[in-house]
Amino acid sequence: MRSALTMLGIIIGVGAVIAMLAVGTGASRKIAEQTASMGSNLLIVLPGSQTSGGIRTGFGGQPTLTLNDAEAIEKECPAVQDVAPILNGTAQIVYGNLNWSTRVSGTTLGIIRVRDWPIATGRSLTDEDVRSATKVALLGQTVVDNLFGGIDPVDQIVRIKKIPFRVIGVMEKKGQSVMGDDQDDAVFVPVTTAQKKLFGTTFPGMVRQIMVKARSAEDLDSAERQVTSLLKQRHRIGPKKDDDFSVRNLTQMMQAAEEQTQIMTILLGAIASVSLLVGGIGIMNIMLVSVTERTREIGIRMAIGAKTWDIRLQFIMEAVILSLIGGVIGLTAGITGSSVISMMAGWPTEVSLMSALLAFVFSGVVGIFFGFYPAYKASLLNPIDALRYE
Amino acid sequence: MVLIEARDISKIYQLGDTELRALDRVSVIIEKGEFLAIMGPSGSGKSTFMNIVGCLDIPTSGQYLLEEVDVGKLTRDELAHIRNQKLGFVFQGFNLLPRTSALENVQLPMLYNSVPLKERNEKAIAALKTVGLEGREHHHPNQLSGGQQQRVAIARAIVNQVPVILADEPTGNLDTHTSIEIMELFQKLNVEAGITIILVTHEPDIATYSRRIIRFLDGHLVSDKPTIEDQKGLRKG
């Protein structure tokens, strides 16, 4: 009973460490997955603020990017692999008697490679589609689920803002984005069609953003520089003027998010370690009581020939066994606890072999560390006094 | 052959300003194979003497030689080794480990001597057989009578084939009938196995099993006679 209570400290400590590490590992894994789902090595070019008559608009306030900018970036920046200009908006999409409001993005075939987002069935957008502004659409999985109950959507006609579009393909399922919205709730049409038929533009060729994929992670910085200088030149921005666009590095944002979760993991782990420490002190406490209670036994053992280290090892072993059993139970509790957390809170958790091993070894070390002082105390007893102890 | 030689040993305890001479220049020689009883009232120094003979304590001055080794110069762990190899202890309160079977209690001294498990088992069973406790190997102390517990303690004392048994009032907690059985067991071990037995008692009846009696009073050795003479002296007195 008393041993069970003593172990409880270790159980809670190890359990907490395991659960916290599991939450942390799960979170950073999820972020890594989402990073991959966004597409890798991405830059996003947004139209920027513009100063006119002393009034500065915010980012995206002025539609300064055009389709020609996108083409120029693709042609003239050697570090850039693919470019996808995007002009998007929300629109009602109708099929038969069903309708669904979704995000419609006008883009080019570059979107497939920029976002690492393959086509599941049908065909992709082509340059020809963009050149002649054909009325064709690629649907995301969520849109398909909501409009087509099991019917193959390819070659069906849907209406977007009452304009008929032929479905040419369906994108593969992509899942949630880092921000938590459903990336599959999307429709892609040729950017020119979006400009001319769906959303209209304040000036010819306007797009809302340009997604740029660098050739590799190493090329990301040079791609950012090349895009910036190219756009400065194209937009005729003098050396002392503010840019009318901004280039954002998505990968950096992801890395920052991942670093944050890592810090959180370390923080949570540290807090949990404190409870492990408290558990260790509990073990020391109970071992000290045990040494006092078993003074006579220690005396008998000494009279019979137990040497200093025989006594020490006995008590250290007892402490280690106590904390290891606690560690194993704590490990089970931690695994159970982390799966409960992921069920209740919907967070992904992951118990790594490493953290399990770490917790196990750590509980052993706690046993040795906190078992040593009581064992040391026991070994210094005078056998005569110990034998006489009642 | 001399087994134990005490040369002028004194044990002095410092109690504040006063010093207490628990033993005052005591010299005794004990031969191998003796059956010796130590008598004296409480506080006479007999327990202190036993502790020194049992290597649980070292004298303040004087020399204690056990099989010609000067025990006073040994470290704590060397003393533990000597207790393990040369001395068997039997106490008034039995001092068995609770919640531990008779067999495991008897195995205990061999545990500190790295004897392999199989040999430990064989020797412990043999020792239990010697003290007449066959078939009780797996009983725990609380399942045994006082006499049986004391037999387990004796088995534990002899299991390492020690030359000496130190018995500190071994019959103090036992009734007369059981006391006689235990004393007969000591006598048997003394005669048949040649084990030297040193017995502390204050019961004259128990002391008659010995062949030599030494008496302590106020830290001094006051009498050292063969048992027959000692008993005669008593009757005269």
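The values are calculated or read from the model by the stated rules, or taken from the named source; none is laboratory data. This structure is a prediction, so every number in the text was calculated from the model and none was measured. Cβ atoms come from the backbone with ideal geometry, glycine included; neighbour counts cover every protein chain shown. Note: areas computed on protein heavy atoms with side chains; ligands, DNA, RNA excluded. Shrake-Rupley method; radii C 1.70, N 1.55, O 1.52, S 1.80 Å.
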Fill in: Rounded to the nearest 20 debye, dipole of the protein assembly as shown from Cβ charges on Lys, Arg, Asp, Glu
1560 debye
Worksheet entry | Sequence-separation-based contact order of chain B, relative, with Cα cut under 8 Å and 6+ spacing, percent | 27 percent
Fill in: Reduction of at least 50 Å² in accessible surface, 1.4 Å probe, comparing all protein chains with the chain by itself, residues of segment A:285-306
A:ILE300, A:ARG301, A:ALA303, A:ILE304
Fill in: Rg over Rh [alpha-carbon atoms, Kirkwood Rh] for segment A:79-208
0.94
Practice prompt. Place a +1 charge on the Cβ of each Lys and Arg in segment A:79-208 and a -1 charge on the Cβ of each Asp and Glu, then give the dipole magnitude about the Cα centre in debye, rounded to the nearest 20.
Written response: 520 debye
Worksheet entry | Calculated P(r) of segment A:168-236 - Cα pairs past 19 Å, % | 61 percent
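Protein chains only, probe 1.4 Å: how do A:ILE335, B:ILE197 rank by accessible area, largest first?
A:ILE335, B:ILE197
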Discussion item. Given a 1.4 angstrom probe, I'd like the percentage of the accessible area of segment A:79-208 that is carbon and sulfur, rounded to a whole number.
Written reply: 51 percent
Item to complete: Would you calculate, for chain A, the mean residue ellipticity at 222 nm contributed by helices, counting each DSSP H stretch of 4 or more residues as -39,500 (n - 2.57) and dividing by all residues, to the nearest 500?
Response: -18000 deg cm²/dmol
Response to the item:
If every Lys and Arg gets +1 and every Asp and Glu gets -1 at its Cβ, then about the Cα centre segment A:207-325 yields a dipole, in debye to the nearest 20, of 380 debye
Fill in: B:CYS55 accessible area, assembled protein chains, probe 1.4 Å, Å²
0 Å²
Practice prompt. List the residues of segment A:307-342 whose accessible area drops by at least 50 Å² when all protein chains are present, compared with their chain alone, using a 1.4 Å probe and counting only protein heavy atoms.
Written response: A:LYS307
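May I ask for the equivalent-ellipsoid semi-axes of segment A:216-353, computed as the square root of five times each C-alpha gyration tensor eigenvalue and listed largest first in whole Å?
The answer is 63, 18, 12 Å, longest axis first.
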Worksheet item: So which trypsin sites (Lys or Arg not before Pro) in segment A:156-194 are both in a DSSP loop and have at most 16 other Cβ atoms within 10 Å of their Cβ?
Response: A:LYS161, A:LYS162, A:LYS173
Worksheet item: How much FRET efficiency would the formula 1/(1 + (r/R0)^6) give for A:GLU172 and A:LYS240, where r is the Cβ-Cβ distance and R0 is 56 Å, rounded to 0.05?
Response: 0.75
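Using a probe radius of 1.4 Å on protein heavy atoms only, what is the accessible area buried between chains B and A, both sides summed, to the nearest 100 Å²?
Numbers: alone 11790 and 19750 Å², together 29790 Å².
Between B and A, the summed buried area is about 1800 Å².
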Worksheet, complete the sentence: Two pseudo-spin positions, 7 Å from Cα along C-beta at B:THR208 and at B:GLU181, lie apart in nanometres by 2.1 nm
Practice prompt. Can you give me the P(r) profile for segment B:2-236? Cα pairs, bins 10 angstrom wide beginning at 0, each as a whole percent.
Written response: 8, 32, 35, 20, 5, 0
Worksheet item: Any idea how far apart A:ILE151 and A:LEU380 come out in nm if each label point goes 7 Å out from Cα toward Cβ?
Response: 8.8 nm
Discussion item. With every protein chain kept in place and ligands, DNA and RNA left out, what is the accessible area per residue of chain A? Probe 1.4 Å, answer in Å².
Written reply: 48 Å²
Worksheet item: With every protein chain left in place, what is the accessible area per residue of segment B:2-236 in square angstrom, probe 1.4 Å?
Response: 45 Å²
Worksheet item: Using the alpha carbon gyration tensor of the protein assembly as shown, what are the three equivalent-ellipsoid semi-axes (square root of 5 times each eigenvalue), largest first, in whole Å?
Response: 96, 25, 17
Worksheet item: Taking a point 7 angstrom from the Cα of A:GLN233 along the C-beta vector, which residues in segment A:75-110 have backbone N less than 13 Å away?
Response: A:75-79
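Given R₀ = 51 Å, what would the calculated FRET efficiency be for B:GLU192 paired with A:TRP347, taking r from the Cβ atoms and rounding to 0.05?
Efficiency at R0 = 51 Å is approximately 0.10.
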Worksheet item: Which parts of segment B:87-103, residue by residue, lose 30 Å² or more of accessible area when the rest of the protein chains are there, as against the chain isolated (1.4 Å probe)?
Response: B:PHE91, B:ASN95, B:LEU97
Worksheet item: Taking all protein chains as present, what is the carbon and sulfur share of the accessible area of segment B:10-145, in % to the nearest whole number, probe 1.4 Å?
Response: 51 percent
Discussion item. Report for the protein assembly as shown the percent antiparallel among DSSP-assigned beta bridges with both residues inside it, nearest 5.
Written reply: 70 percent
Worksheet item: Leaving out same-chain residues fewer than 8 places away, which lysines sit with a Cα under 28 Å from that of A:LYS75?
Response: A:LYS135, A:LYS196, A:LYS197, A:LYS213, A:LYS232, A:LYS240, A:LYS241
Worksheet item: Can you give the relative contact order of segment A:79-208 as a percent, counting alpha carbon pairs under 8 Å and 6+ residues apart?
Response: 34 percent
Worksheet item: Using alpha carbon centroids, what distance separates segment A:331-389 and segment B:6-51, in Å?
Response: 49 Å
Worksheet item: In degrees from 0 to 90, rounded to the nearest 10, what is the angle of the helix B:146-158 Cα long axis to the longest principal axis of chain B?
Response: 80 degrees
Worksheet entry | Solvent-accessible surface (1.4 angstrom probe) belonging to A:ASP310, in square angstrom, nearest 10 | 50 Å²
Practice prompt. Report, in cubic angstrom per residue, the convex hull volume of the C-alpha atoms of segment A:60-102.
Written response: 118 Å³
Response to the item:
Here, GluC sites (Glu not before Pro) of segment B:53-131 satisfying both criteria (DSSP loop; at most 16 other Cβ within 10 Å) are B:GLU67, B:GLU68
Worksheet item: What is the extension gain from A:LYS196 to A:TRP309, computed as 0.36 nm multiplied by their sequence separation minus the C-alpha to C-alpha distance, in nm to one decimal?
Response: 31.8 nm
